[in-house]
Amino acid sequence: MKSGGAPARPILYRQLTLRLMIPLVLIVAIVGAIGLISTGTETGAVFDRWLLDAAVSLADQVRSSHGGGADAVDLPEAARTMLAYDEIDHTWFSVEDRGRVLIGNAGIPSSGLNAATYADGRTFDAVYDGAPVRVAAVGAPCAGCEHVVVLVAETMLKRQRSNRVVEWLLFPLALMLVVTCSAIYIAVRRTVGPLEALAEQWKRQAHASLQPIPEGDLPHELSPFATALNDLLARMREILVRERMFAAAAAHQLRTPLTALRLGMARARNSPDIETARAVLDELAQVTEHTGRLVQQLMLLGRLDPEGRVDIDRAPVDLRDVARDVCGLFAEAALEHHVDLELQLPGIPAMVVAQSDLLVEALANLIDNALKAAGRKGRVLVAVIESPPGLRVCDSGPGIKPSERRSIFERYARGSRPRWEGTGLGLAIVHDIATLHGASVDITDGELGGACLAITLPAPVAP
């Protein structure tokens, strides 16, 4: 555990090393154990076969008497010497008839542990003359020799040496396991090395600059990771550039009205009479209204930042209700400026899934611009389109040049022939709101002689 109670994070190269080594060690251990057991079993069976062959050869020399049982064993001295001779182990034998030793060494056990049964006899472990021995017991094949048992006992030195040789044969396997584990560790470290270097470079560079990380020396498998990091850095650079431009433009836009307010207050303070002061205050009221509108639009632009466009509440909205509400807000202004504000609505609902407040803001910006463009005794037409659902605002003003219809949606763009004082943010807000809703904004020449701006929204998906 780290300080503060946070769990220690796993280290990648250790996890990879363990995940590769543990199965390898288990496989080698299982294979080695199976090989050791099977080899020991087969070797023991071969030694048992030799011991049984000696016992069977001895049993063939037993002769029976006419009264039943065995009374003689024809075993020449040379055969007896050959039976007992062994350079490594010591061998004993006996032929017994119902516990009576006919020939050989007395006291050889007739049963023991780890018994194995074969077609011509059985073998087992026992202790004789103070030494562990392997005993072979077979019956005599002669007629009437049913109770005769031939026992051959042999120490287990050859068996023990054979087991040690088999164990030494596993040493190369263990050595191979060590070498393989070392190779895995080195390979994993070298494989993870570029990733650690990339992380270290990202750590150093993130504190110093947002320049892209070079991808030339990275393995092919790490290229998507580096590309994703560089894309993130690029987005961060774009955000910083946009924020700097936004802050600089906002400071520039606010400087003029604030200066006007400061100078106007000085003029009002130094006015020679009340009428002059009132005229200055009226000018200050207009400046204050313009500044408030500018601040409101700047706040809305910050709210519509492209990096935060997923957290908006959407609901079914009838565009007819939006158009009625916004036209109602501008009815007094239209009357004041003698502008004919006309609203056209379809007979059936024009439903979309959107945030109604943002649609109201977008339409309000379009109507506000249209009223200013139309001028006194002009005309403004607001229409709701049923299919595809959308909003159209046309005016009788001078229109917008085709060459400026794309750049007019940029922030602080005013066009080459502005006829009124504005912030240059209204159409940028309209464009951002439309993009937020997956809609499009188009500018055409309208039927009233001026510009016609249309917001086309996606139709709602049927449930």
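Give me the pairs: first residue in segment 426-449 and closer than 18 Å to Gln355 by Cα and in a loop (DSSP other than H, G, I, E, B), second residue of a type in the set (A, V, I, L, M) and open to solvent by 60 Å² or more (accessible area, probe 1.4 Å), beta-carbon distance under 9 Å, and six or more apart or on different chains, which are they?
Close Cβ pairs satisfying both conditions: His437/Val353.
Would segment 396-407 turn up any residue that is part of a helix (DSSP H, G or I), open to solvent by less than 50 Å² (accessible area, probe 1.4 Å) and at pLDDT 80 or above?
no
Only one residue in Lys377, Lys372 is open to solvent by 40 Å² or more (accessible area, probe 1.4 Å), under 20 Å from Thr444 (Cα atoms) and basic (Lys, Arg). Which one?
When all the criteria are applied, what remains is Lys372.
Output the number of the condition that Ala116 fails; it satisfies all remaining conditions of (1) part of a strand (DSSP E or B); (2) without any contact (Cβ under 8 Å) to a residue 40 or more places away in the chain; (3) of a type outside the set (Ser, Thr, Tyr).
Condition (2) is where Ala116 drops out.
Within segment 119-130, count every residue that is surrounded by 14 or more Cβ atoms within 10 Å (Cβ to Cβ) and assigned to a strand (DSSP E or B).
7
Scanning segment 315-351 for residues that are surrounded by fewer than 16 Cβ atoms within 10 Å (Cβ to Cβ), part of a helix (DSSP H, G or I) and in contact with a helix residue (DSSP H, G or I) (Cβ under 8 Å, 6 or more places away or on another chain), which turns out modelled with the highest pLDDT?
Ranking the qualifying residues of segment 315-351, first place goes to Asp325.
Residue check: is Ala6 open to solvent by less than 90 Å² (accessible area, probe 1.4 Å), modelled with pLDDT under 80 and over 30 Å from Ala199 (Cβ atoms)?
So Ala6 fails the test.
Pairs please, first residue from segment 89-113 and within 15 Å of Gly130 (Cβ to Cβ), second anywhere and open to solvent by 20 Å² or more (accessible area, probe 1.4 Å) and part of a loop (DSSP other than H, G, I, E, B), Cβ atoms under 6 Å, 6+ apart in sequence or on different chains.
Taking only residues 6 or more apart or on different chains, the pairs are Trp92/Asn105.
Would you confirm whether any residue within segment 95-116 is of a type in the set (S, T, N, Q), at pLDDT 85 or above, under 15 Å from Val152 (Cα atoms) and surrounded by 13 or more Cβ atoms within 10 Å (Cβ to Cβ)?
Yes, that holds for at least one residue.
The values are calculated or read from the model by the stated rules, or taken from the named source; none is laboratory data. What you see is a predicted model, and the numbers here were worked out from it, not measured in a lab. Quick reminder, even Gly has a Cβ in these numbers, built from the backbone with ideal geometry, and neighbours come from all protein chains shown. Side chains are part of the model used for accessible areas, which takes the heavy atoms of the whole protein and leaves out ligands, DNA and RNA. Shrake-Rupley method; radii C 1.70, N 1.55, O 1.52, S 1.80 Å.
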